[in-house]
Amino acid sequence: LVPLFIFTFGQMIGAPHGEVVEYYARPFPAIVAGLTLAVGFMHFKNGVQVLIKDYVHGSMRKPLILVMICVSYGAAATGLFAVAKLAL
C-alpha cells in the first residue's frame, strides 16, 4: 500500500491546487490515499497503545489509552474527510 501511495501522492507534490483536485477526483488515487490514512492511523493507535502499556504505570494507563484511541480515530476521520472533499 505504501509504494502505491508514494507513486500516487508523489506525482502531485508541488502541483497547483486545481490539478490536485482533478487528480484526486479519480477513484484510484483517492482510494489509495484513504486506505493509507486509515491503515496508518490504526497502526499509530496500536503502536501508542503498546508504548503506553510499556511505559505508563498506575491509574493513568487506561485514560491515556482511551484518549489516544480517540485522537487516532479523530485524525483518521479528519484525513478521510479531507480526501473525500478532494474526491467529490
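The values are calculated or read from the model by the stated rules, or taken from the named source; none is laboratory data. Keep in mind that this is a model prediction, so the values were computed, not measured. Neighbour counts are summed over all protein chains in view; Cβ atoms, including those assigned to glycine, are modelled from backbone coordinates with ideal geometry. The accessibility values were calculated without ligands, DNA or RNA, using every heavy atom of the protein model including side chains. Shrake-Rupley method; radii C 1.70, N 1.55, O 1.52, S 1.80 Å.
Within region 42-65, residues that are of a type in the set (S, T, N, Q) have Cβ atoms under 9 Å from residues that are surrounded by 11 or more Cβ atoms within 10 Å (Cβ to Cβ) in these pairs: ASN46/SER72; GLN49/ILE65; GLN49/MET68; GLN49/ILE69, counting only partners at least 6 apart in sequence or on another chain.
Taking region 25-51 as the range and being of a type in the set (Lys, Arg) and either open to solvent by 90 Å² or more (accessible area, probe 1.4 Å) or touching a Leu at 6+ places or on another chain (Cβ under 6 Å) (or both) as the test, only ARG26 passes. Residues in region 13-25 that are free of Cβ contacts under 8 Å to residues at least 12 places away in the same chain and either within 20 Å of LEU88 (Cβ to Cβ) or under 18 Å from the mean Cα position of the chain (by Cα) (or both): ILE13, ALA15, PRO16, HIS17, GLY18, GLU19, GLU22.
Looking across region 1-17, the residues that are of a type outside the set (A, V, I, L, M) and either in contact with a helix residue (DSSP H, G or I) (Cβ under 6 Å, 6 or more places away or on another chain) or closer than 15 Å to ALA82 by Cα (or both) come down to PHE5, THR8, PHE9, HIS17.
Would a scan of region 60-76 turn up a residue that is open to solvent by less than 60 Å² (accessible area, probe 1.4 Å), β-branched (Val, Ile, Thr) and either modelled with pLDDT under 95 or in a loop (DSSP other than H, G, I, E, B) (or both)? No, the conditions are met nowhere in region 60-76.
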